[in-house]
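Below is one structure, written out as structure tokens; comments come after it.
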Amino acid sequence: MEVELKLGLENQEGSLDLRLMDCGSSVKDISIKLDGGASWLYQGLIDAFEENIGSAVENAITKKLGNGISRLDSYLKSLPKEVPVDDHSSLNVTFVNDVLLSESSIGFETNGLFIGRNGSLPIPNICNKNLKLPILCTNSSKMLAITLDEAVFNSASSLYYDAKFMHWIVDQIPDQSLLNTAGWRFIIPQLYKKYPNHEMNLNISLSSPPAVKISNQKAGAVVYADLTIDVLDEDEVIPVACISLMIQASGLVKINGNNLVGTIRLDSFGMSLKWSNIGNLRMYLIQPVMWTIIETVFLPYANAHLSKGLPLPIIHGFTLQDAEIILSTSRVAVCSDVAFAESESDRHILQNYSSLSR
């Protein structure tokens, strides 16, 4: 028996449209043997109607395939166009451009940028580059390859920056003495002289979205921030000085479940005095303190959020296995095998499709 299918698969307004263009089956030979006392009688009838039986099998297979393709098309159209990341943002996974076909693979492009959930956040103004470059997995037998352009990560930083989420008031740090003017009396003497033994806050605000840059074997980010020193005087918060920071960090990217997670470490930083209400500051004395604050406050806070991870666009019910990460110019590629983690709802879906193989 031979079965031939011709399918059409294309992007229709962000969803996949699967069409059965041609379907045919041919039963070249069918053999039915009966055993039993009257088998000689029934065998004669079967032999007489062998051609009709073959035709009925061909029609039944063609009908089953048509029904199965129709249900598969419905399933593809029901794929979500957003993947929730947290309470505020989602990944836009609407399909863009044409489906990419080769002799051994099928490829899809999605928008991939961060968007606000239910319109709760502004949409970042970032252009999504359409790069149809091959994904070069070190192991060609991997079942799945996913590429994320650095524009995906920059859309996240722009989204959260525009939503005013990159502003923190720090009132608890590992070295709590640095949040009292007494801890600064040898670093900024005039601060202690004017406000002796006063509690302090550190008001940290990013001056622009963090810029993520991915290159061969390295992922990093550049962060520009203003750190304002606030003195607490009874019920009044008094800004006394502001220091501009330029932080350069490098990152480690890995897979946790179906999420792309990361950590960053400090490579270098620069600083300058933006303004001061307490006179000139000796920045070379302040620099070690800023290093400590970045290492013990800023980086742990950033890594706590990065450890939650970015959900990769995997069809529900499948999990990554033995994934590897490849960094190249402006892109992160994830090459992996996949396994089906069957749940009760997934089992119900499979049962609905099982008639296709009967």
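In table form, for the structure just shown:
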| read-out | value |
| --- | --- |
| Distance histogram for segment 144-311 (every C-alpha pair counted, 5 angstrom bins, percent rounded to whole numbers) | 1, 8, 16, 20, 18, 12, 10, 7, 5, 2, 1, 0, 0 |
| Estimated FRET transfer efficiency when R0 is 30 angstrom, pair residue 218-residue 139 (beta carbons, to 0.05) | 0.85 |
| Exposure proxy ranking, count of Cβ atoms within 10 Å, fewest first, for 184, 168 | 168, 184 |
| Exposure proxy ranking, count of Cβ atoms within 10 Å, fewest first, for 69, 238 | 238, 69 |
| Amide proton proximity set for residue 163, modelled H, under 5 Å, gap of 5+ | none |
| Gyration tensor (Cα) of the chain, equivalent ellipsoid semi-axes in angstrom | 65, 18, 17 |
| Sorted by Cβ density within 10 Å, fewest first, the residues 215, 268 | 268, 215 |
| Sum of -39500 (n - 2.57) over DSSP H runs of 4+, divided by residues of the chain (222 nm, nearest 500) | -7500 deg cm²/dmol |
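Values quoted throughout were computed directly from the atomic coordinates according to the rules given, and no laboratory measurement underlies them. As the structure is a computational prediction, the values presented were derived from the model and not from experiment. Glycine also receives a Cβ, built like all others from the backbone with ideal geometry; neighbour counts cover every protein chain displayed.
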